[in-house]
Amino acid sequence: MNVILEKLGKIGIVPVIKIDDVEKAVPLAKALAAGGIPCAEITFRTAQGEDAIRRIAAGAPEVLVGAGTVLTTDQVDRAVSAGAQFIVSPGFNPQVVAHCLQKGIPVTPGCANPSDIEQALEFGLEAVKFFPAEQAGGLDYIKAVSAPYPGLQFIPTGGINAGNIARYIAFDKVLACGGSWMAGADLINAGEFEKITALSREAVLALLGFSVAHIGINTGGYEKAAQAAVLFNSLFGFAIKEGNNSTFAGDALELVKTTAPGTHGHIAIATNSITRAIAHLERGGVTFDHANAKKDPRGNVCAIYLKDEILGFAVHLVQ
Ligand code: 3PG
């Protein structure tokens, strides 16, 4: 997949932004990034869009900036020379798509039915915007309409928010979700950048859906693990489940019998999207033990340890 689209996919959220005052562009981009979303689709819905892209490209280079609501080939040219790294349009305009391909800039045109999608495939596109997502039928519609097109990825946009993003992102043909809910024009115009950061963080956490899956305790051997499992079972009724290296008491307590990571044990954190979780945490400075990541039969990472322990516990993510 195109490297910019791949980056968008790892971020998982594409904020759709309307800028009325160019002075707000860089603080807005930094506010999104501080909340964990280093990406912005600046729309050409206002005359300030082009200059806002230019300012973000120069003043917040850590943010992947693209142009949205691009309706003409002239706007493509202006967006690209301002520094846009991707182009989004609400509908499928063959002239705009052809022009983007000719200029070598990734484009995700809005597609809302099989005819739009087949035009996109005709142009060799790997991903399209699905717009307006909720109003056009939501996730069920995307699942149905995408069934004949196995290779294509979607960026649903329109009516997505922190309450429904996790459902969308769980579908493997969803590359990312777009929307304006974390950075509406009112918030930007009022300079409410802390609020934008807080809403962005809320969106990222909703997408990743972190929770404690289980806690592994290094018991020091088979006998101690068995004794502890019996104790938890007799006190609390947690069902005993024997594994090769551990005995589980209920789903949340793993009594480790053999040598395992962590001074005292390990904590398993579940996430909706391990690839995006790794990318998100790495952007924040966390390092992972990639060499020993566990992969599923399709080669996708399904469990990975953080390099550092927390309070003597190794920590791993699990999908
Ligand atoms: C868009 O242009 O992509 C939409 O306006 C974004 O939809 P939302 O405002 O419902 O998030």
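Residues in the stretch 161-195 that are surrounded by fewer than 16 Cβ atoms within 10 Å (Cβ to Cβ), away from the ligand (no atom under 15 Å from the Cβ) and of a type in the set (Gly, Ala, Ser): 170, 190, 191.
Which residues, counting only those in the stretch 297-319, are modelled with pLDDT of 95 or more, loosely packed, with under 14 Cβ neighbours inside 10 Å and part of a loop (DSSP other than H, G, I, E, B)?
Answer for the stretch 297-319, where residues must be modelled with pLDDT of 95 or more, loosely packed, with under 14 Cβ neighbours inside 10 Å and part of a loop (DSSP other than H, G, I, E, B): 307, 308, 311, 312.
Condition (residue is at pLDDT 95 or above, in a loop (DSSP other than H, G, I, E, B) and touching a Phe, Trp or Tyr at 6+ places or on another chain (Cβ under 9 Å)) applied to the stretch 277-285: is it met by at least one residue? No, there is no match, as no residue in the stretch 277-285 is at pLDDT 95 or above, in a loop (DSSP other than H, G, I, E, B) and touching a Phe, Trp or Tyr at 6+ places or on another chain (Cβ under 9 Å).
Going through (1) over 25 Å from residue 38 (Cβ atoms); (2) surrounded by fewer than 19 Cβ atoms within 10 Å (Cβ to Cβ); (3) β-branched (Val, Ile, Thr); (4) in contact with a helix residue (DSSP H, G or I) (Cβ under 6 Å, 6 or more places away or on another chain) one by one, residue 247 falls short only on (2). Of the residues making up the stretch 262-274, none is part of a strand (DSSP E or B), in contact with a helix residue (DSSP H, G or I) (Cβ under 8 Å, 6 or more places away or on another chain) and either under 30 Å from residue 7 (Cβ atoms) or touching a residue at least 12 places away in the same chain (Cβ under 8 Å) (or both).
For (1) within 16 Å of the ligand (Cβ to nearest atom); (2) surrounded by fewer than 16 Cβ atoms within 10 Å (Cβ to Cβ); (3) assigned by TED's automatic domain parsing to the domain that holds residue 196; (4) among the charged types (D, E, K, R), each residue gets a yes or a no:
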| site | (1), (2), (3), (4) |
| --- | --- |
| 9 | no, no, yes, no |
| 13 | yes, no, yes, no |
| 41 | yes, no, yes, yes |
| 74 | no, yes, yes, yes |
| 96 | yes, no, yes, no |
| 116 | yes, no, yes, yes |
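For the stretch 143-172, the set of residues classified as over 25 Å from residue 183 (Cα atoms) and either among the hydrophobic types (A, V, I, L, M, F, W, C) or more than 13 Å from the chain's Cα centre (by Cα) (or both) consists of 143, 144, 145, 146, 147, 148, 149, 150, 151, 152, listed by residue number. Summed over the stretch 145-160, the residues that are in contact (Cβ under 8 Å) with a residue 60 or more places away in the chain and within 16 Å of the ligand (Cβ to nearest atom) give a count of 2. Being over 23 Å from residue 7 (Cβ atoms), under 31 Å from the mean Cα position of the chain (by Cα) and in the same structural domain as residue 141 (by TED's automatic domain parsing) is a description that does not apply to residue 254.
Screening the stretch 119-142 for residues that are over 20 Å from the mean Cα position of the chain (by Cα) and touching a residue at least 12 places away in the same chain (Cβ under 8 Å) and picking the one that is nearest to the ligand (Cβ to nearest atom) gives 135.
The values are calculated or read from the model by the stated rules, or taken from the named source; none is laboratory data. Only a predicted model underlies this, so the values are computations on that prediction, with no experimental measurement involved. With ideal geometry, Cβ positions are generated from the backbone for all residues, glycine too; neighbour counts draw on all protein chains shown.
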